[in-house]
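A.B. asks: Take a look at the following structure, please.
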Amino acid sequence: MTDTSADLVILGGGSGGYACAFRAAELGLSVILVERDKLGGTCLHRGCIPTKALLHAAEVADAAREGDKFGVKSSLEGIDMAGVNSYKDGVVAGLYKGVQGLFKAHKITVVEGAGTFVAPNAVDVGGQRYTGNTVVLATGSYAKSLPGLELGGRIITSDQALNLDFVPEKVVVLGGGVIGVEFASVWHSFGAEVTIVEALPRLVPAEDEWASKQLERAFRKRGIAFKTGSRFSGATQTETGVTVTIESGEQFDADLLLVAVGRGPNTADVGYAEAGIAMDRGFVLTDDRLRTNLPGVYAVGDIVPGLQLAHRGFQQGIFVAEDIAGRNPRVIDEMGIPRVTYCSPEVASVGLTEAAAKEKYGSATTYTYSLAGNGKSQILKTAGGVKLVKAPDGPVVGLTLVGERVGELIGEAQLIYNWEAFPEDVAPLIHAHPTQTEALGEAFLALAGKPLHVHG
Ligand SMILES: Cc1cc2nc3c(=O)[nH]c(=O)nc-3n(C[C@H](O)[C@H](O)[C@H](O)COP(=O)(O)OP(=O)(O)OC[C@H]3O[C@@H](n4cnc5c(N)ncnc54)[C@H](O)[C@@H]3O)c2cc1C
């Protein structure tokens, strides 16, 4: 017989919900978690993991195609989507098994079904009420569309794009944010002709302007077309294709239109509004300790306004579990959450952009180190760079990196930001040669006034 009451009831088993469940169980709390689909949520089944598997397959395709650059005789014979999907699905399946095992190991009661939040201490699933001293809302997000743009057929979101059994010849990607540029990158590497349409003036518009310029230059070089500052005005589809029109009147014919215009919170039809949860445009409002307006009710993950990232959800879940257990955890600094866009080349950042730092501090010092001076990046034949933003008389408050594989460097960058390091703190620390981490080291040496491999 399944328990119907526990210390904690969690609605949603994605990154935010399951991290909260695991940490609460470690702290000795009993947990009931309600999930209507698969444990692991968007990130594992429809987000981070399958997209990064596709991006890795894309990297392998590029390596095969570009062997000549390195004196290796190789060529790309083609993309076998069945093979790509089986590799991707295999990765997801392995991790899914792992997550399920962790639920068992933590002795968490999992209730399968769609839950409704019915009272500050209760969730209903199919007429059965589950009660807890605390309830955590973690219902995640869904791919949005634009008004008047109906999804279906050749007009798809990332959910369908992840499971295509063919490589489209031509694709239009609506939205030049993270998800849009990642899919554009994959499809281009697989041989498709790709055009990105973005309403804002630049690709990855949430990043430092410098990063957008670097990425745009790289995409131009790769042959990925993009129309920035271009608003979508309509799309029509037939049996054989889709035609996308932008406000200038220009039209693009394609096999598919990927709509990547952001993700909305899954908060309708789950009882939140009816129970009196304070919300803004569908997002659940919380204080900085992730408490909603109802006593004993917390919210974590994509339904809380802010960065929609899996590791933010993990940390928020851990935070809430520790808060409930009386551990008084430190409030999470949103700006200290690293952000990585895994297209080719990658964009990785933490902290403030130059513009945001200038707005906050009145002025800011910046330093940009080009990967042209970094041995390992030259071996990899990647362009890009590292940009540091420093507060006046203060620590480094922003780091942005562009280049192949720089996502892996964000670990050091986030330590520097979160420890509020000054250039003088980092400059004496030694980076192994030849690695791409040296680019960070060189930038810090330069900002501390002792540049090494820098001209002029
Ligand atoms: C294409 C794509 C790529 C991404 N890539 C990355 C990346 O590389 N790195 C990164 O950090 N983030 C990435 N993300 C974002 C990441 O997936 C999300 O930030 C993360 O999954 C949010 O976790 P969550 O727990 O808030 O919600 P979710 O993971 O969405 O989980 C919510 C869960 O709640 C369940 N649920 C909803 N309503 C109910 C209900 N009424 N009853 C029961 N269960 C319910 C859902 O079935 C779901 O399992 C990506 C997202 C997408 C779409």
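A.B. asks: Looking at region 313-336 only, could you name the residues that are in contact (Cβ under 8 Å) with a residue 60 or more places away in the chain and either within 18 Å of D208 (Cα to Cα) or within 13 Å of the chain's Cα centre (by Cα) (or both)?
C.D. replies: At the first step, the residues of region 313-336 found to be in contact (Cβ under 8 Å) with a residue 60 or more places away in the chain are 313-318, 320-322, 324-325, 327, 333, 335-336.
Matches in region 313-336: G313, F314, M335, G336.
A.B. asks: Is it fair to say K221 is charged (D, E, K, R), within 16 Å of the ligand (Cβ to nearest atom) and either at pLDDT 95 or above or not assigned by TED's automatic domain parsing to the domain that holds S30 (or both)? Explain how you work it out, then say what you get.
C.D. replies: Values: charged (D, E, K, R): yes; within 16 Å of the ligand (Cβ to nearest atom): no; either at pLDDT 95 or above or not assigned by TED's automatic domain parsing to the domain that holds S30 (or both): yes.
In short, no.
A.B. asks: For region 1-22, give me each residue that is more than 6 Å from the ligand (Cβ to nearest atom) and surrounded by 24 or more Cβ atoms within 10 Å (Cβ to Cβ). Break it down stepwise before answering.
C.D. replies: The first filter runs over region 1-22 and keeps only residues more than 6 Å from the ligand (Cβ to nearest atom), leaving 1-10, 18-22.
Those that are more than 6 Å from the ligand (Cβ to nearest atom) and surrounded by 24 or more Cβ atoms within 10 Å (Cβ to Cβ): L8, V9, I10, Y18, A19, C20, A21.
A.B. asks: Sort out which residues of region 93-125 are among the hydroxyl-bearing types (S, T, Y) and not in a strand (DSSP E or B), and write them in order of number. Talk me through it step by step, then tell me what you get.
C.D. replies: From region 93-125, those among the hydroxyl-bearing types (S, T, Y) are 96, 109, 116; that's our starting set.
Residue satisfying the conditions is Y96 alone.
A.B. asks: Let me ask something else about it. Do you know which residues across region 316-338 are surrounded by 20 or more Cβ atoms within 10 Å (Cβ to Cβ) and farther than 20 Å from M279 by Cα? Steps first, please.
C.D. replies: Narrowing region 316-338 to residues surrounded by 20 or more Cβ atoms within 10 Å (Cβ to Cβ): 316-321, 324, 338.
Hits for region 316-338 are I318, F319, A321, I324, P338.
A.B. asks: With the requirement that a residue be assigned to a helix (DSSP H, G or I) and more than 6 Å from the ligand (Cβ to nearest atom), what does region 28-45 give you? Outline the logic, then answer.
C.D. replies: First, the residues of region 28-45 that are assigned to a helix (DSSP H, G or I): 41-45.
Correct list: L44, H45.
A.B. asks: Can you tell me which of V194, V173, V125, V186 is at pLDDT 95 or above and in contact with a His (Cβ under 8 Å, 6 or more places away or on another chain)?
C.D. replies: On the way: V173 fails: in contact with a His (Cβ under 8 Å, 6 or more places away or on another chain); V125 fails: in contact with a His (Cβ under 8 Å, 6 or more places away or on another chain); V186 fails: in contact with a His (Cβ under 8 Å, 6 or more places away or on another chain).
On inspection, the qualifying residue turns out to be V194.
A.B. asks: A further question on this structure: How many of the residues in region 265-292 are over 25 Å from the mean Cα position of the chain (by Cα) and either assigned to a loop (DSSP other than H, G, I, E, B) or closer than 21 Å to D159 by Cα (or both)?
C.D. replies: Initial filter on region 265-292 (over 25 Å from the mean Cα position of the chain (by Cα)): 269, 271-278.
Remaining after also requiring either assigned to a loop (DSSP other than H, G, I, E, B) or closer than 21 Å to D159 by Cα (or both): 269, 271, 276-278.
Of the residues in that region, 5 qualify.
A.B. asks: Still on this structure, please answer the following. Going residue by residue through region 190-210, is there one that turns out to be over 25 Å from V340 (Cα atoms) and outside any helix (DSSP H, G or I)? Even if it seems obvious, please write down each step before you answer.
C.D. replies: Taking region 190-210 first, the residues over 25 Å from V340 (Cα atoms) are none.
For region 190-210, residues over 25 Å from V340 (Cα atoms) and outside any helix (DSSP H, G or I): absent.
A.B. asks: Condition (residue is away from the ligand (no atom under 13 Å from the Cβ), without any contact (Cβ under 8 Å) to a residue 24 or more places away in the chain, part of a strand (DSSP E or B) and surrounded by fewer than 19 Cβ atoms within 10 Å (Cβ to Cβ)) applied to region 244-264: is it met by at least one residue? Let's see the steps before the verdict.
C.D. replies: Pass one, region 244-264, residues away from the ligand (no atom under 13 Å from the Cβ): 244-257.
Remaining after also requiring without any contact (Cβ under 8 Å) to a residue 24 or more places away in the chain: 245, 247-251.
Add one more test, that the residue is part of a strand (DSSP E or B), and what stays is 245, 251.
If we keep only those that are surrounded by fewer than 19 Cβ atoms within 10 Å (Cβ to Cβ) too, we end up with 245, 251.
Checked region 244-264: at least one residue is away from the ligand (no atom under 13 Å from the Cβ), without any contact (Cβ under 8 Å) to a residue 24 or more places away in the chain, part of a strand (DSSP E or B) and surrounded by fewer than 19 Cβ atoms within 10 Å (Cβ to Cβ).
A.B. asks: Do the conditions hold for A161, that is, is it touching a helix residue (DSSP H, G or I) at 6+ places or on another chain (Cβ under 7 Å), outside the structural domain of Y298 (by TED's automatic domain parsing) and either among the basic types (K, R) or touching a residue at least 12 places away in the same chain (Cβ under 8 Å) (or both)?
C.D. replies: Numbers: touching a helix residue (DSSP H, G or I) at 6+ places or on another chain (Cβ under 7 Å): yes; outside the structural domain of Y298 (by TED's automatic domain parsing): yes; either among the basic types (K, R) or touching a residue at least 12 places away in the same chain (Cβ under 8 Å) (or both): yes.
When the stated conditions are applied, A161 passes them.
The values are calculated or read from the model by the stated rules, or taken from the named source; none is laboratory data. Bear in mind that the values here come from a model prediction, so they are computed numbers and not experimental data. In this analysis, Cβ positions are derived from the backbone assuming ideal geometry, glycine residues included, and neighbour counts consider all displayed protein chains.
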